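Working notes for the structure below.
Just so it is clear, none of the values below were taken in a lab; they were calculated from the coordinates. Note that this is a predicted model, so its numbers are computed, not measured. Here the Cβ is made from the backbone with ideal geometry for all residues, glycine too, and neighbour counts use every protein chain on show.
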Amino acid sequence: MKSILHLVAIIALLLSGVALSGCNAARALGDPNSGQTDDAAVGFASIKSGSEENFIMTAGRRVYFTSGSAELDDVARETLDLQAAWLNSHRNWLVKLQGFSDDPGSGEANIKLSDRRAKAVMDYLASKGVSPQRMWAKGYGKERLVRNCPEISCKAQNRRVVVNLREEFDAAAPQYRGNQS
């Protein structure tokens, strides 16, 4: 009985090996019915290096914070390291750092907290070589919530800084000159 089970197991292994080699051969030959491909996902192959889409896909654009804090954790620093490397390779972009909060307290306290968050991100990026002359930070408090919900895990999505690429300074930037014509 054991020898029959052993033989069945060997046959099953051999058959699975044949099936897998067939899949690999089909993929290598570019068989569209193989269910596997080495091609980029539709829409991603056309993303241009150095574009805003490329920044979002390779570095991410959001950093999150714990409630009541403007301190960067390890996850935030990892994301910011990727962003800094990308920004240092693509110096043509300006950077607007938008801070947000969804924390207990007054509207004024949330604006101050979100501003501290945005400035913490700006300081970290500057420490990694991104020129402070290319960046500006603004806190928006509870404006522009990602999610409006009572659960703590849901509210956490609102405690963030969004790194936005810009081609020119806007009115929130100290460098902004406005239309002076």
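In a shell of Cβ-Cβ distance under 10 Å around residue 52, excluding residue 52 itself, what net charge do Lys and Arg (+1) and Asp and Glu (-1) give? That sum, taken over residues with Cβ under 10 Å, equals +1. Under 24 Å of direct C-alpha separation, and excluding same-chain neighbours fewer than eight residues apart, residue 142 reaches these lysines: 96, 112, 119, 155. Among the GluC sites (Glu not before Pro) in segment 57-111, those located in a DSSP loop and surrounded by at most 16 other Cβ atoms within 10 Å of their own Cβ are 71. Look at 52, 143 and count the other Cβ atoms within 10 Å of each Cβ; fewest to most, that gives 143, 52.
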